[in-house]
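Structure, as structure tokens:
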There are 2 protein chains.
Amino acid sequence: MPHYTAPLRDMRFVLFDLLDGEAELAALPRHAGLDRETIEAVLEEGAKFASQVIQPLNAVGDREGCTWHGDGVVTAPPGFKAAYRQFVEAGWPSLGCEPDFGGQGLPTVVNNRLYEMWNSANQAWLMYAGLSHSAYECLMAFGSDEQKQVYLTKIISGEWTGTMCLTEPHCGTDLGLLKTKAEPNGDGSFALTGTKIFISAGEHDLADNILHLVLARLPDAPAGTKGISLFLVPKFLPDAAGAPGERNGIQAGSIEHKMGIHGNATCVMNLDGATGWLVGEPHKGLQAMFVMMNSARLGVGMQSLGQGEVAYQNAAAYAKDRLQGRAATGPAQPGKPADSILVHPDVRRMLLTARAYNEGGRALATWTAQLIDREHAHPDAAVREDASELMALLTPVVKAFLTDNGWETATLCQQVLGGHGYIAEWGMDQFVRDARINMIYEGTNGIQALDLLGRKVLMDGGARFGRFAALVQATLAELAPRSELAEFTGPLGKLLADTVALTREIGARAKADPNEVGAASVPYLRIIGHLCFAWLWARMAALSAGKDDAFHQAKLATARFYFAWLLPEVEQRFREARAGAPALMAMPADSF
Amino acid sequence: MPHYTAPLRDMRFVLFDLLDGEAELAALPRHAGLDRETIEAVLEEGAKFASQVIQPLNAVGDREGCTWHGDGVVTAPPGFKAAYRQFVEAGWPSLGCEPDFGGQGLPTVVNNRLYEMWNSANQAWLMYAGLSHSAYECLMAFGSDEQKQVYLTKIISGEWTGTMCLTEPHCGTDLGLLKTKAEPNGDGSFALTGTKIFISAGEHDLADNILHLVLARLPDAPAGTKGISLFLVPKFLPDAAGAPGERNGIQAGSIEHKMGIHGNATCVMNLDGATGWLVGEPHKGLQAMFVMMNSARLGVGMQSLGQGEVAYQNAAAYAKDRLQGRAATGPAQPGKPADSILVHPDVRRMLLTARAYNEGGRALATWTAQLIDREHAHPDAAVREDASELMALLTPVVKAFLTDNGWETATLCQQVLGGHGYIAEWGMDQFVRDARINMIYEGTNGIQALDLLGRKVLMDGGARFGRFAALVQATLAELAPRSELAEFTGPLGKLLADTVALTREIGARAKADPNEVGAASVPYLRIIGHLCFAWLWARMAALSAGKDDAFHQAKLATARFYFAWLLPEVEQRFREARAGAPALMAMPADSF
């Protein structure tokens, strides 16, 4: 059975040493009273909840899955409901939420690290709470005062959970095609009819009520994405006291049988004249949905970071225990029948890849969480705008780069165990299967790449990219006097310059052939991801060089591995991005 | 539900146009009478068996799995036994076997293409027959005349199936640690006692008897791999008439719950004084086992090629049907609500990656199958030796390069379907889960890489590699006059020169630090794999350039894609191979 211990030491390093977390929070009036000790105590409690409560349910959830009982009734795997009750009683759902509606007002940067831990422990379980948090973001931004009082408070307390109902059988990526209809009831409410699929946490027995956020079309809606509105559709209509009352006409028609995340109920939701209320303005549903979606995308990055970390921990433990073969340089454990497989360079390559991706991912995720806090709470409008622009740029990178890396990490860690990695007993295959969905949902990674290159980089003429490039430049300037860091700053400086040049090239080529954007997008996202990682790893190396304790020496060794073994991926990606559209578009459709 | 149609057109192209299959067979006296029409007829029949008999059982096998009933009784999924009976009645098991013992004597090159098809249709089912074929190879090479009469004939006919019993709970890769004991019974037989794990097709209800080939230690065995002997241990001891008689003391203790290949029973086999007979010489079991293993490794390459092909076919069909979004260059299907997703460059990237890997893999596999036929049947000893040396070099490449590619291919094809790729209904996730084992069993891909670089390349001072390099040189010389092929021959020539240089560098570095071999081995194998593919794709492009029919135009487009998008992977791999051991070995073991 797999184990998990939250990497608190590394979280402290990233949050306080690398990212100056105390000063960062001190600059935000809303969080200025929050000290390091409190944050560490919260993280320690969260770590206990991860290891003691939900991690032991991870394999059970995978094995037993959810059960659809007919008549729209779905139950989560054994133990899930009790764990959720503990979660609510401990106040975890409200932690990162607004005090005005019952939240505890902790910054995103803390919540984000908790989500990493809980995802390591049990992604399928956490999704019930995670989707609620996305619904919280959306209602917080677009809900009416009444909606906030009736629904948001219940979401914040965790009494009720939330969902996002977007996808329909014939449309996922292209929401402009969606057909679900919302007809006015004449009393301010609407009657929604249609079918939604792939609805995570769509139905379950964990909470008293489920608040569905549903995209649908009003009768006068224009065609395409400009005619989509967002509705709030509770499973039970609240009575006058706000308690769950009459059953609404939205029901789970079935649950999907999936490759992984078996513990989360992925439902087909049938809406049969279900009562709903408009959230935000008519026909502006996509805008409201994107608030929820951007939050969910960052959450998906945390899911894969979590899977990568737990996969690493278990693979490393196995590699230290498993005796097989001898070191090429002679027996390392001569008193034993064989050496541990950690003596083999290729086993180390797999484990170091996992470490470099996990620790790089943690640094990137923590920094972007700080940007969200700045965006929400910094007194200076220019700082808020800067953070907002950087987040727009980096959201698709966090989603796609971290989930691609998480997949590679989980697969490599499974490989470390050989045949034992393939059987359920060791739990490694669940990490791989669970991590797989993260590259697909909340916008496939291909869509993230198009969003990054097409919308976020080219549409503003590279202004957002320039903001990020300036940060990298500042680091290069800061570290330039330290010649011992040239092994890191040299490749970082070259990558930045090459990326600036590539961005210009693609921009120019895209004017001649719009397909050049789609063609270059996936390699471009990999390059930007590595630019983020190289920047953060150079800074982590700078903090660690010259310190001779085990933690900093390991950090430095991982940084060196990253620059020697992983960063060279960009060589291939530059070649691909420059290869461009012709090699992709030449084949006639009939020949596929 | 997924579909599968054997790619007979491409098989004909590879076998007859690219690899001159008729002339090749005409040079082998044993096969000289075999004409193209017969081969095509056999492949067509095999294709029908794939699509009509075993493909419809693939999802059933995954869903239902095998059942362990206690007392060592295991049944395969519904339909598997009946399909196996059809397989035996049609004479398929004997197809590629020696006529002296009841085989039909067809060349490996034909069998190999059949295995590709049948793996596309149902890998888990085919493993029952595939392991028998490996047992056939081993008994053919090392069995006594009596063993051949009693056992080999039954394996050839398919009445009995075979297994390889190597792995034990504490050892897989390092077989020198194995503990299973064989004590002489005094009558020429031995009593075997021990536990074997991960035994594919170890117990089932498909055949009347199962012939286990078991590695064990004789009482006087030296320690390590030099003390391992190979034994033949039937499930039922043959009676005087050769029919299954008394039940032998080898039993399935349980079956594993695995990530995939659920239709194949992966057993823990307990030997409790089981009666066995020595195969080959005492203490030379590893040598005999390697005959079986090399055959199995090539078979594993076919498993992933098969998974990659069927994954591609289903992803391509989906991409043509699914309407979502519009082409960046304007609507391609203006009469429809959206364009098919094939208009998106990144969807094409995923599908073209699959095609380039599948078609390149088919060419490599078919050529290596020809080498096996040459090795077995060519009248000229020098030709046989050349083929044997090339096979020694390429076996780990076929195993590891094709299975890594198959994993990437299946994953990308799953991605093409978005959310639909993650649910069982569409079958794509089974291809991914089934393909995953191929990177692990019969020697992990890390072990294949060590075998390639350490044993096959460096141990003979590059002589085998030189044989292969000479073939590439010959192609370069042959194509040099055709300047229109420079886009292919240029990169191929550069890659060959770079690989020669890299091989020398690693050889030199390995003398100073033996860990350099382990460090460089995985990137080195990827480079050699691409050298094989680039060589074959250049030749396929040369055959297709200037022909304006759809097949050859698609081949040329895929070749261009391969050179522009996939071959650049070597840039990263050269960097990794040159990064060497220090970045891998620096981290202290305790820091992992």
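What follows is calculated from the coordinates using simple rules that are stated; it is not laboratory data. Treat the numbers as computed from the prediction; the structure is a model and nothing was measured. Cβ sites come from the backbone with ideal geometry, for glycine too, and all protein chains shown count toward neighbours.
Annotations for the structure displayed:
- Anchor B:Lys196: aspartates and glutamates whose Cα lies under 15 Å away (excluding residues fewer than 8 positions away in-chain): B:Glu168, B:Asp174, B:Glu256, B:Asp272, B:Glu442
- Computed helical MRE - 222 nm, chain A, DSSP H runs ≥ 4 contributing -39500 (n - 2.57), nearest 500: -17000 deg cm²/dmol
- Using θ = phi - 60° and Karplus 6.51 cos²θ - 1.76 cosθ + 1.60, couplings along the stretch B:149-156 (whole Hz; Gly, Pro as x): 5, 6, 9, 4, 4, 6, 5, 4
- Share, in percent, of DSSP beta bridges within the stretch B:186-316 that are antiparallel, nearest 5: 95 percent
- Above-threshold pairs, the threshold being 31 Å between Cα atoms, out of A:Lys555/B:Lys456; B:Lys399/B:Lys494; A:Lys48/A:Lys456; B:Lys258/B:Lys511: A:Lys555/B:Lys456; A:Lys48/A:Lys456; B:Lys258/B:Lys511
- Our coupling estimate for the stretch A:188-202, obtained by passing each phi through the Karplus curve with A = 6.51, B = -1.76, C = 1.60 and θ = phi - 60°, is x, 9, 10, 9, 9, 9, x, 10, 10, 10, 6, 8, 5, 6, x Hz, Gly and Pro reported as x.
- Within 10 Å of each Cβ in B:576-585, the average number of Cβ atoms from other chains: 6
- Summing Cβ point charges (Lys, Arg +1; Asp, Glu -1) relative to the Cα centre of the stretch A:180-242 gives a dipole of roughly 360 debye.
- Which of B:Met292, B:His378, B:Gly330, positive extreme of dipole for the stretch B:292-410 (C-beta unit charges): B:Gly330
- Euclidean distance of C-alpha centroids, the stretch B:111-169 and the stretch A:42-119, integer Å: 50 Å
- Ranked by the mean number of other Cβ atoms within 10 Å of their residues, highest first, the peptides B:51-62, A:516-527, B:257-268 fall in the order A:516-527, B:257-268, B:51-62.
- Counting DSSP beta bridges with both ends in chain A, the antiparallel % (nearest 5): 80 percent
- Copies compared at A:Arg85 - label distances in nm, ascending, label defined 7 Å from Cα in the Cβ direction: 5.4
- Long hydrophobic helices in chain B, taken as whole DSSP H segments with a C-alpha length of 30 Å or more on their own axis and mean Kyte-Doolittle hydropathy at least -1.0: B:108-142, B:285-321, B:345-377, B:381-416, B:486-512, B:515-544.
- Charge dipole of the protein assembly as shown about the Cα centre (unit charges at C-beta), most positive-ward option of A:Ala124, A:Ser94, B:Trp407: B:Trp407
- Whichever aspartates and glutamates have a C-alpha closer than 12 Å to that of A:Lys148, once near sequence neighbours (fewer than 8 apart) are set aside: A:Glu98, A:Asp100, A:Glu137
- Counting Cβ atoms of other protein chains within 10 Å of each residue's Cβ and taking the mean over peptide A:567-573 gives 6.
- Between copies, the label points at A:Val73 (set 7 angstrom from Cα along Cα-to-Cβ) are spaced 3.7 nm, reported in nanometres from shortest to longest.
- Ordering A:Pro219, A:Leu230, A:Gly176 by the projection of their Cα atoms onto the charge dipole of the stretch A:161-283, which places +1 on the Cβ of Lys and Arg and -1 on the Cβ of Asp and Glu, puts A:Gly176 at the extreme positive end.
- Taken along its principal axes, the alpha carbon cloud of the stretch A:341-491 reaches lengths of 54, 42, 28 Å, longest axis first.
- Bins of 5 Å, starting at 0 and running to the largest distance - Cα pair percent for the stretch B:413-541: 2, 10, 16, 15, 12, 13, 12, 10, 7, 3, 0
- Packing-based ranking of B:119-129, A:529-539, A:37-47 yields B:119-129, A:529-539, A:37-47, ordered from highest to lowest mean Cβ neighbour count within 10 Å.
- With label points set 7 Å from Cα along Cα→Cβ, the inter-copy distances at B:Phe551 are 6.5 nm, sorted shortest first.
- Most to least packed among A:208-217, A:234-243 [average Cβ atoms within 10 Å]: A:208-217, A:234-243
- The stretch A:532-562-the stretch B:175-204 distance, computed between alpha-carbon centres (Å): 50 Å
- Separation between Cα centres of the stretch A:14-37 and the stretch A:473-512, rounded to whole Å: 29 Å
- Comparing the protein assembly as shown with the 2.2 N^0.38 Å rule of thumb, its C-alpha radius of gyration ratio is 0.93 (two decimals).
- Convex hull (Cα only) mean projected area of the stretch A:494-592, reported in nm² to one decimal: 7.7 nm²
- Counting only Cβ charges, +1 for Lys and Arg and -1 for Asp and Glu, the dipole size of the protein assembly as shown around its Cα centre is about 1600 debye.
- Reach of A:Lys154 by Cα under 19 Å, taken over lysines that are not fewer than 8 positions away in the same chain: A:Lys81, A:Lys235
- Across peptide A:257-263, the mean count of Cβ atoms from other chains lying within 10 Å of each residue's own Cβ comes to 4.
- Relative contact order [Cα under 8 Å, 6+ residues apart], chain A, whole percent: 13 percent
- Qualifying GluC sites (Glu not before Pro) in the stretch B:192-260, where qualification requires a DSSP coil assignment and no more than 11 other C-beta atoms within 10 Å, are lacking entirely.
- Around the Cα centre of the stretch B:453-559, unit charges on the Cβ atoms of Lys, Arg, Asp and Glu (plus for the first two, minus for the last two) sum to a dipole of about 340 debye.
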